[in-house]
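A short write-up of the structure that comes next.
The values are calculated or read from the model by the stated rules, or taken from the named source; none is laboratory data. Since we're looking at a predicted model, the values are computed, not measured. Quick reminder, even Gly has a Cβ in these numbers, built from the backbone with ideal geometry, and neighbours come from all protein chains shown. Remember, those area values only see protein heavy atoms, side chains included, never the ligands or the DNA or RNA. Shrake-Rupley method; radii C 1.70, N 1.55, O 1.52, S 1.80 Å.
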Amino acid sequence: MDSIFSQFLDAYTMRIIILIGINLILALGINLVTGMTGQLNMGHAGFMSIGAYTSAICSLNLDTPFLLSLFLGAVTAGAFGFIIGIPILRLDGDYLAMVTIGFCEIVRVFFLNFEPGGKAVGLSGIPQDTTLSFVWLLVLIILFLNYRLNRSRIGRAMFAVKENEIAAEACGIHTSRLKIIAFTVAAFLGGLGGGLYSHYIFYISPQDFSFTKSIELLNMVVLGGMGSLPGTVLGVIILTIAPEVLRVVAEYRLLFYGGLMVILMIFRPNGLLGGVRWYDVKQKWFKMKSKTTKEG
Amino acid sequence: MAEELLKLDQISQEFGGLRALDQVSFVVQTQDIFGIIGPNGAGKSTLFNLITGIYTPTQGNIYFKGENINHLPPYKIAALGIGRTFQNIRLFSTMSVLDNVLIGGHGITKSGFFQCLFSLPKARKEEKQLRETAKELLNMVDLYDKKMDYAKNLSYGEQRRLEIVRALALHPSLLLLDEPAAGMNPKEKEDLMQIIRHLKQEMNITILLVEHDMNLVMNICERIAVLNYGEKIAEGSAEEIRNNQEVIDSYLGTAHRI
């Protein structure tokens, strides 16, 4: 499959497309817990790290096939999400954000001292099994399931928890269970993304999964529009490509990047596609069309 | 026939040193429209929060259909069939009118995460039923045409109606209305009374309401309890309450004694 792509895409473009795919899987996890359920999660890189290391160690030391390593990484991350989710999801807002940052740091420091993970040096020589077609197949499946979820009672209930927790409870929604579900699934996706990442970059070290990485992923969701699927896709594409495009301004790159975020947040505080509904777009387009046909 | 639906037995609620409710007891029969009145700070909203499980009573017991619901969390109480509205409207404001009602039915649907994720037959069937109920309910309060509007863009009276309909999506046997007429104009109040009567007569729903609008309370409530400083000072029919000297002194004033 990938040989077909490589005929008309150069290696650099393929790399960016793969990274967009991986970031999308990671960002969709954040979108689920922060965008939809409204629980600020700033520790996503921690789950990514758990998934990346678990799957890499499996592949390197146990010679497990790629798919199994990936699955084990994701499940381990998901299990951690579930276990720490139970106590910490009693908190909300800023407090939850603090705890998730703390978790992310704990994971980083753990791997910094973890012998099988190569300590500060990290792991290298991980088989490069992640391919463009495989990543994007996963992305499409996850997007489709996420879309399904959004239109179901569970997805709606998640949005309800974000909007008004007390009213949600009065509607019979078990809010804490829902938050744990969202957190666990997000952790699973984080682990999956981490596994794909380690099997693509083939060299990982604890520094790759710092707090900055969490913020970078969160930024993508915020920029695109919290809770919006097309928004998340757009946000990931823009923020994955932006650093590459901004290479021309060399060391001023981060300055531009920051400035861009500030401007966008002033003009579209809900994110690029936040609060935009397909229904409204369709209505508007339909109206415009009927107007022009009338005039014509 | 009339049965005990909700029974409060010697309920007391303390917040620190403050006794918000003191040994309050009353029984709501099925098919009643039961009103609770009293001055601000009398403990009316506290009472609602106790019944819906937001607080657990310091003393006393609450029974719903004979079952003790003291220690049940709000979502379980909702699923048992107690719907409620809030004094300060709590809609899911950036969601559509239809979604608000669909979420309202969450407590009586059961399909889990994976059933929803893969849209399995059970989830699909429940979703279909939810949508049918939502359509019926929205038609009842003339909001079906606005089903795709954001809840926050509705007028005040419409928001109040939507909140009632959202609570109805649970198919409750008991509906708690916390100051449903607050901020409504006379026309809207008239409509509200119509809706409340409709709920009782056509849908067999028992209603417990807190309200300051005496005209509305005296018109539609069959039984009224009066709270003052956390104590129940009177209970009876509208006529009895209107002529109760203690109620007049503490709350109604003399103007109502015509």
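Odds and ends about this structure:
- The sole residue among A:Ile154, A:Ile201 that is modelled with pLDDT under 95 and either touching a helix residue (DSSP H, G or I) at 6+ places or on another chain (Cβ under 6 Å) or under 21 Å from B:Arg84 (Cβ atoms) (or both) is A:Ile154.
- Residue match in segment A:189-204 (condition: farther than 17 Å from A:Gly21 by Cα and crowded, with 20+ Cβ neighbours inside 10 Å): yes
- Failed condition for B:Leu143, given (1) of a type in the set (A, V, I, L, M, F, W, C); (2) open to solvent by 10 Å² or more (accessible area, probe 1.4 Å); (3) more than 12 Å from every other protein chain (Cβ to nearest Cβ): (2)
- Yes/no for B:Leu208 being farther than 13 Å from B:Gly35 by Cβ, out of contact with any helix residue (DSSP H, G or I) (no Cβ under 7 Å at 6 or more places or on another chain) and open to solvent by less than 70 Å² (accessible area, probe 1.4 Å): no
- Remark: A:Gly172 falls outside the filter, which requires a residue to be crowded, with 24+ Cβ neighbours inside 10 Å, of a type in the set (Gly, Ala, Ser) and touching a residue at least 40 places away in the same chain (Cβ under 8 Å).
- Just one of the listed residues (B:Glu158, B:Glu126) is buried (at least 18 other Cβ atoms within 10 Å of the Cβ), under 26 Å from the mean Cα position of the chain (by Cα), away from chain A (no Cβ under 11 Å) and in contact (Cβ under 8 Å) with a residue 12 or more places away in the chain, namely B:Glu158.
- On inspection, A:Glu169 passes the criterion of being in contact with a Pro (Cβ under 6 Å, 6 or more places away or on another chain) and within 14 Å of chain B (Cβ to nearest Cβ).
- B:Gly17 being under 23 Å from B:Gly253 (Cβ atoms) and at pLDDT below 90: no
- Breaking point among (1) surrounded by fewer than 17 Cβ atoms within 10 Å (Cβ to Cβ); (2) in contact with a Gly (Cβ under 8 Å, 6 or more places away or on another chain); (3) among the charged types (D, E, K, R), for B:Arg166: (1)
- Answer residue from segment B:63-89, given it is more than 9 Å from chain A (Cβ to nearest Cβ) and of a type in the set (Phe, Trp, Tyr) and is most open to solvent (accessible area, probe 1.4 Å) among those: B:Tyr63
- Test result for A:Ala56, surrounded by 24 or more Cβ atoms within 10 Å (Cβ to Cβ), over 21 Å from A:Thr240 (Cβ atoms) and not acidic (Asp, Glu): yes
- Restricting A:Lys162, A:Lys179 to those that are surrounded by 24 or more Cβ atoms within 10 Å (Cβ to Cβ) and touching a residue at least 24 places away in the same chain (Cβ under 8 Å) reduces the list to A:Lys179.
- Any hit, segment A:75-95, residues being touching a strand residue (DSSP E or B) at 6+ places or on another chain (Cβ under 8 Å) and either over 22 Å from A:Met226 (Cα atoms) or in a helix (DSSP H, G or I) (or both): no
- Annotation: of all residues in segment B:1-39 being without any contact (Cβ under 8 Å) to a residue 40 or more places away in the chain and either closer than 26 Å to B:Arg197 by Cα or among the charged types (D, E, K, R) (or both), the one that is most open to solvent (accessible area, probe 1.4 Å) is B:Met1.
- Enumerated strands (runs of 3 or more DSSP E) restricted to segment B:1-95, each holding at least 3 residues that are among the aliphatic types (A, V, I, L, M) and over 16 Å from B:Pro172 (Cα atoms): B:18-29
- Residue under evaluation A:Ala160, criteria (1) out of contact with any Gly (no Cβ under 8 Å at 6 or more places or on another chain); (2) more than 24 Å from B:Phe92 (Cα to Cα); (3) within 14 Å of chain B (Cβ to nearest Cβ), criterion not met: (2)
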